[in-house]
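Input: a single structure, listed below in structure tokens.
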Amino acid sequence: MTNWTLSERHMRLKIQVGVAYGSDVALVKETLMACAAGNAWVLNTPAPTVLFLDFGESSLDFELRLWIANVDHMMSVASSLRFAIDQRFREAGIEISFPQRDLHIRSVDESAGQSLSRSEEHDSDPVANPKNEKA
């Protein structure tokens, strides 16, 4: 095995990002490639690439792979790329996903159900809640 970073200043970076289901995956790829092309530290050879890694639990998972000219700039280049990705995704209307959960209640203890029912009645009662604000 050869550790190229000891004899070579070039280094490969991987930037992972998850986007919301329903996103235009071709636009995601195009936008990530544009971010790489817009960074002066990113090498043209070998060319950057975008991989569609998986259909994740809460996101479509992508990875931008690229090489940078100098290992000493690894963290600043990665940070700069993440800022650019965030900005360009916002401009393109691509949503970076976040974990989401649906809660399905199958059964509720009788006293808890009565408490919830009273809470809903209180929220909609104009006398108890004159500004009609949720408690």
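A few notes on this one:
- Estimated vicinal HN-Hα couplings, Hz - segment 93-106 in sequence order (Karplus 6.51, -1.76, 1.60; Gly, Pro = x): x, 8, 8, 6, 7, 9, x, 9, 10, 9, 10, 10, 8, 8
- Estimated distance in nm for a label pair at L116 and N70, the labels positioned 7 Å out from Cα along Cα-to-Cβ: 6.0
- Loop GluC sites (Glu not before Pro), segment 15-122 (other Cβ atoms within 10 Å of the site Cβ: 15 or fewer; DSSP): E57, E95
- Restricting segment 1-89 to trypsin sites (Lys or Arg not before Pro) that sit in a DSSP loop and have at most 16 other Cβ atoms within 10 Å of their own Cβ leaves R9.
- Computed from label points 7 Å out along Cα-Cβ, the spacing between A40 and F98 is 3.5 nm.
- Each Cα pair under 8 Å and six or more residues apart adds its separation to the average, and for segment 20-125 the resulting relative contact order is 28 percent.
Every read-out reported here was derived from the displayed coordinates using simple, explicitly stated rules and does not represent laboratory data. Bear in mind that the values here come from a model prediction, so they are computed numbers and not experimental data. Heads up, the Cβs are rebuilt from the backbone with ideal geometry, glycines too, and the neighbour counts pull from every protein chain shown.
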